[in-house]
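Peer 1: Below is the structure I would like to discuss, written out as structure tokens.
A short reminder: the numbers here are calculations on the coordinates, not readings from a lab. As the structure is a computational prediction, the values presented were derived from the model and not from experiment. No Cβ is skipped: glycine too gets one built from the backbone with ideal geometry, and neighbour counts run over all protein chains shown.
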Amino acid sequence: MGDWKRPNFLLEFGEFLRVSRTFKIPLWKLFLFFLTGRMTRLTDKDWSVMENTDSWDTTTLELVLYHTDHTGRDVKRILSALSDPHGQLPAPIVLRLPDGQYHLVAGNTRLMVCRSQKIKPIVLIVGYDTPVE
């Protein structure tokens, strides 16, 4: 099985900009979150309630292809990297909000493919470590 590598902030800049606007978090703070984020295996509990993704319900490759048909996402490349012992993919990025909720920043197609193949992915968790009291 392939390996997960730390994603590139600049390649996901548009997604960070969207998150900055949506949650009113300054970009500099998101960049700091990114730098201090931790790579970890995504638990089913967190995955099943994560916002901004339909990956939890995408349990077959047919559903992945249905959802990505019009997006131009390269599902074959993701499948190939996951099945190659030397393959590498950037880890999906998940923002932990102050209330403890998880929001997918980037990597929906990677998560959908993982779910369809029963793979528990490694993700980069960025954001707030403790919920706001």
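Peer 1: With the crude spin-label approximation of a point 7 Å out along Cα→Cβ, what separation in nm comes out for Ser48 versus His86?
Peer 2: 3.9
Peer 1: Less than 16 Å from a label point 7 Å out along the Cα-to-Cβ axis of Ser20: which backbone N atoms in the stretch 98-124 qualify, by residue?
Peer 2: What the label zone holds, given the 16 Å backbone N cut-off, is 105-106.
Peer 1: A further question follows. What residues have an amide H closer than 5 Å to that of Ala106, excluding those fewer than 5 places away on the same chain, when H is modeled at 1.01 Å from N in the peptide plane?
Peer 2: Under 5 Å from the amide H of Ala106 lie the amide H atoms of Ile93, each far enough along the sequence or on another chain.
Peer 1: For the chain, what's the relative contact order in percent, using C-alpha pairs closer than 8 Å and at least 6 residues apart?
Peer 2: Across the chain, relative contact order equals 39 percent.
Peer 1: Neighbour counts of other C-beta atoms within 10 Å: give me Ser48, Ser55, Ser20 arranged from fewest to most.
Peer 2: Starting with the residue having the fewest Cβ neighbours, the order is Ser48, Ser20, Ser55.
Peer 1: Using a simple charge model, +1 on the beta-carbon of Lys and Arg, -1 on the beta-carbon of Asp and Glu, nothing else, what dipole does the stretch 1-62 show about its Cα centre, in debye to the nearest 20?
Peer 2: 520
Peer 1: What ratio of Cα Rg to 2.2 N^0.38 Å holds for the stretch 52-106?
Peer 2: 1.33
Peer 1: Here is a further query. Which of (i) 0.96; (ii) 1.00; (iii) 1.10 is the computed Rg/Rh (Cα atoms, Kirkwood Rh) for the structure on display?
Peer 2: Here Rg/Rh (Cα atoms, Kirkwood Rh) agrees with entry (i).
Peer 1: Within the chain, how many lysine pairs that are 8 or more places apart, or on different chains, have C-alpha atoms less than 29 Å apart?
Peer 2: 14
Peer 1: Out of all DSSP beta bridges with both ends in the chain, state the antiparallel percent to the nearest 5.
Peer 2: Once the DSSP bridges in the chain are tallied, antiparallel ones form about 50 percent.
Peer 1: So for Leu32, Leu10, Leu95, fewest C-beta neighbours within 10 Å to most, what's the order?
Peer 2: Ranking Leu32, Leu10, Leu95 by Cβ neighbours within 10 Å, fewest first, gives Leu10, Leu32, Leu95.
Peer 1: Using the crude model of +1 on Lys and Arg Cβ and -1 on Asp and Glu Cβ, and no other charge, please compute the dipole size for the stretch 25-116 relative to its Cα centre, in debye to 20.
Peer 2: My answer is approximately 380 debye.
Peer 1: Let me ask something else about it. Considering amide H positions built from the backbone, and no H for Pro or chain starts, which residues 5 or more places from Thr58, or on another chain, come under 5 Å of its amide H?
Peer 2: none
Peer 1: To continue, here is another question. Using DSSP to define loop residues, name the trypsin sites (Lys or Arg not before Pro) in the stretch 1-64 whose beta-carbon has at most 14 other beta-carbon atoms within 10 Å.
Peer 2: Lys24
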